[in-house]
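Have a look at the structure below before the remarks.
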Amino acid sequence: MATYLITGGAGFIGSHLAEKLLAAGDEVIVLDDLSSGRVQNLEQISGHASFRFVQGCITDRALLAEVCRPADTIFHLAATVGVLNIIKSPVETIENNINGTQYVLEAAVERRTKVIVASTSEVYGKSNSIPFREDDNLLLGPTSRSRWSYAASKIVDEFLALAFWRERSVPTVVARLFNTIGPRQSGQYGMVVPRFVRQALRGEDLTVYGDGSQSRVFTYVGDTVEWLARLAKAEGAVGEVVNLGGGGEVTIAELARRIIELTGSRSKICSVPYEQAYEEGFEDIQRRVPDTSKAQALTGYSARTGLDEALKSICDWCTKHPEA
Ligand code: UDP
């Protein structure tokens, strides 16, 4: 039995990870400031004997030291996320994502606690070297576009994680997550799948930004947390950067059509210019496709849940939780 600390564990991905680890018989401590996480996400595990929830911020170093002490492994998922959030609060994004990660890594030094740092496919930026491999060049836009502050902050996190391994012997793994989707994900901060599903269920128009030809590979949260749990145990993963992503590429226009079909909704698709959706001069990423051979080689696992199956479970969940 191991003890895990999950920062950001009341969030969408963190809460699924907490459930998975508890089900495997491990102990879980969640640290979350509930800025975007929700206590409701922890409802199914809140009474579990091996579970503890601590409300607080990763920038509170005394609290961080206390919750890190009993942990054998830390999953560092706490961050400011979501394109809308990032454009609205670039200062907070940079502070939380860079300072927070540094504090977590510093707290891990004393006991050389393993830290799995959640990064993002956003770091590949506008690269068109499809599929994206972990050692590819990264291509961001100018600093005048706040969107890129998220990728830049996560790139610094990756450098920090790798530097703490090389210089301070803290075993770290960087996981680059590709558009994770599933029950409990909020559409409030811009994420396309929960937004489209809610719009379809309410009979509202689905807001496709730009011409809808941009594509993504969506990854079901069940696959993501399976991978994270395996990465924490994979000896060869320490000091590595690993893509975690699904298999099927889909355009946003096609995604909208599939969600309308799946929900049997009378909604239509409406096209919204980027400037209206985000900000003047917004730059989208045209294609984002992972090469996941490294993750497969390290963990023996590859994503199993297809897009339609994932969308069905999200539709069911959104129908049951109209308030979320
Ligand atoms: N998008 C959209 N309509 C929405 C929200 C997002 O067309 O209501 C598009 C967005 O412009 C991007 C894609 O969906 O091309 C994925 O957006 P999301 O914010 O989910 O993740 P990203 O891949 O941009 O980080």
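The values are calculated or read from the model by the stated rules, or taken from the named source; none is laboratory data. Not measured: the values here are computed from a predicted model. FYI the Cβ positions are ideal-geometry reconstructions off the backbone, even for glycines, and counts take in every protein chain you see.
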TODO: Scan the stretch 81-101 for residues that are under 23 Å from GLU275 (Cβ atoms), of a type in the set (Ser, Thr, Tyr) and in contact (Cβ under 8 Å) with a residue 12 or more places away in the chain and jot them down.
DONE: THR93
Open item on the list: I'd like to know if the stretch 150-173 contains one or more residues that are touching a residue at least 24 places away in the same chain (Cβ under 8 Å), within 11 Å of the ligand (Cβ to nearest atom) and not in a loop (DSSP other than H, G, I, E, B).
Closed with: yes
Open item on the list: Just to be sure I understand, how many residues within the stretch 10-29 are over 12 Å from the mean Cα position of the chain (by Cα), assigned to a loop (DSSP other than H, G, I, E, B) and more than 14 Å from ARG52 (Cβ to Cβ)?
Closed with: 2
TODO: For the stretch 243-299, enumerate the residues that are of a type in the set (Lys, Arg), within 12 Å of the ligand (Cβ to nearest atom) and part of a loop (DSSP other than H, G, I, E, B).
DONE: ARG288
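In the set ARG202, ARG176, ARG184, which member is more than 22 Å from the chain's Cα centre (by Cα) and away from the ligand (no atom under 11 Å from the Cβ)? Spell out the reasoning first.
Details: ARG176 fails: more than 22 Å from the chain's Cα centre (by Cα); ARG184 fails: more than 22 Å from the chain's Cα centre (by Cα).
When all the criteria are applied, what remains is ARG202.
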- [ ] Within the stretch 211-218, identify whether any single residue is among the charged types (D, E, K, R), in contact (Cβ under 8 Å) with a residue 60 or more places away in the chain and more than 11 Å from the ligand (Cβ to nearest atom), and answer yes or no.
- [x] no
TODO: Confirm whether ASP223 is surrounded by 18 or more Cβ atoms within 10 Å (Cβ to Cβ), of a type in the set (D, E, K, R) and either closer than 23 Å to LEU140 by Cβ or more than 10 Å from the ligand (Cβ to nearest atom) (or both).
DONE: yes
Task: The listed residue being surrounded by fewer than 23 Cβ atoms within 10 Å (Cβ to Cβ), of a type in the set (A, V, I, L, M, F, W, C) and over 18 Å from the mean Cα position of the chain (by Cα), out of ALA49, ALA108 - done: ALA49
TODO: Please state which one of ILE87, ILE45 is closer than 22 Å to SER313 by Cβ and outside any strand (DSSP E or B).
DONE: ILE45
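Residue-by-condition table, conditions (1) more than 23 Å from the chain's Cα centre (by Cα); (2) modelled with pLDDT under 95:
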position	(1), (2)
VAL221	no, no
TRP227	no, no
ARG230	no, no
GLY239	no, no
GLY246	no, yes
THR251	no, no
ARG257	yes, no
SER265	yes, no
GLU280	yes, yes
- [ ] Pick out the one residue from THR101, THR59, THR93 that is in contact with a Gly (Cβ under 9 Å, 6 or more places away or on another chain) and among the β-branched types (Val, Ile, Thr).
- [x] THR59
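Can you tell me which of GLY125, GLY190 is at pLDDT below 95, under 18 Å from the mean Cα position of the chain (by Cα) and not polar (S, T, N, Q)?
Numbers: GLY125 fails: at pLDDT below 95.
Answer to the check: GLY190.
Among the residues of the stretch 120-140, write down those that are within 13 Å of the ligand (Cβ to nearest atom), outside any helix (DSSP H, G or I) and touching a residue at least 60 places away in the same chain (Cβ under 8 Å). Please lay out each step first, then the result.
First, pick out the residues of the stretch 120-140 that are within 13 Å of the ligand (Cβ to nearest atom): 120-126, 132.
This time we only want the ones that are outside any helix (DSSP H, G or I), so: 120, 125-126, 132.
If the condition is that a residue be within 13 Å of the ligand (Cβ to nearest atom), outside any helix (DSSP H, G or I) and touching a residue at least 60 places away in the same chain (Cβ under 8 Å), then GLY125, LYS126, PHE132 are the ones that fit.
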TODO: Identify all residues within the stretch 300-316 that are polar (S, T, N, Q) and either within 16 Å of the ligand (Cβ to nearest atom) or part of a helix (DSSP H, G or I) (or both); write none if there are none.
DONE: SER313
